[in-house]
1. Any idea which of 124, 66 is closer than 22 Å to residue 138 by Cβ, touching a helix residue (DSSP H, G or I) at 6+ places or on another chain (Cβ under 9 Å) and surrounded by 11 or more Cβ atoms within 10 Å (Cβ to Cβ)?
2. Kindly provide the set of residues from region 129-150 that are under 12 Å from the mean Cα position of the chain (by Cα) and within 19 Å of residue 7 (Cβ to Cβ), ordered by number.
3. Scanning region 6-30 for residues that are surrounded by 13 or more Cβ atoms within 10 Å (Cβ to Cβ) and more than 21 Å from the chain's Cα centre (by Cα), which turns out farthest from residue 84 (Cα to Cα)?
4. Being exposed (fewer than 14 other Cβ atoms within 10 Å of the Cβ), assigned to a helix (DSSP H, G or I), out of contact with any helix residue (DSSP H, G or I) (no Cβ under 6 Å at 6 or more places or on another chain) and at pLDDT below 85, is that true of even one residue in region 31-53?
5. Cβ-Cβ distance below 7 Å, separation of 6 or more or different chains: which pairs start in region 72-93 with a residue that is modelled with pLDDT of 90 or more and end on one that is surrounded by 23 or more Cβ atoms within 10 Å (Cβ to Cβ) and not in a helix (DSSP H, G or I)?
6. Say whether the condition of being in contact with a helix residue (DSSP H, G or I) (Cβ under 7 Å, 6 or more places away or on another chain), surrounded by 13 or more Cβ atoms within 10 Å (Cβ to Cβ) and farther than 17 Å from residue 3 by Cα is met by at least one residue in region 94-102.
7. When you check residue 57 against the structure, is it surrounded by 15 or more Cβ atoms within 10 Å (Cβ to Cβ), within 17 Å of the chain's Cα centre (by Cα), free of Cβ contacts under 8 Å to residues at least 40 places away in the same chain and farther than 18 Å from residue 111 by Cβ, yes or no?
């Protein structure tokens, strides 16, 4: 769909879609590595601040502009990386020891559920061979904007 929106040929689409996807993964790795530094100021503060940053990063992906999408995906991934450090650390410090196993499995269950929701959002995409529908739809904004509501 993004290929149709930007008018890329097949080779360009492979390259640019890889860049968009890799930007998010690079952001997650960078955020995970830097997350320890941010949580020294307080886990709760880090989670609140990076929730605001993740909302701004998600908003960047709403423009049909390749650099804005890449930058937004990178910073959203960065925030997710910080969350992956701050969230479990905060749970370890606040959840009573007898509930640790329950909360550990709940965290992973909801993480897997979020991935499943992201995959299921693809069901509503126009067919791959319907170029006209791909050009005319704005459903890509629903997919990129979904993290704003989660």
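The values are calculated or read from the model by the stated rules, or taken from the named source; none is laboratory data. Model, not experiment: these values are computed from the prediction. Glycine gets a Cβ as well: all are built from the backbone with ideal geometry, and neighbour counts include every protein chain shown.
1. Selected residue: 66, the only one of 124, 66 that is closer than 22 Å to residue 138 by Cβ, touching a helix residue (DSSP H, G or I) at 6+ places or on another chain (Cβ under 9 Å) and surrounded by 11 or more Cβ atoms within 10 Å (Cβ to Cβ).
2. Hit for region 129-150 is 144, nothing else.
3. Out of the qualifying residues, it is 8.
4. Looking for residues that are exposed (fewer than 14 other Cβ atoms within 10 Å of the Cβ), assigned to a helix (DSSP H, G or I), out of contact with any helix residue (DSSP H, G or I) (no Cβ under 6 Å at 6 or more places or on another chain) and at pLDDT below 85, one finds at least one in region 31-53, hence yes.
5. These pairs meet every condition: 72/61; 73/61.
6. Yes; the residues of region 94-102 include at least one that is in contact with a helix residue (DSSP H, G or I) (Cβ under 7 Å, 6 or more places away or on another chain), surrounded by 13 or more Cβ atoms within 10 Å (Cβ to Cβ) and farther than 17 Å from residue 3 by Cα.
7. The answer is yes for residue 57.
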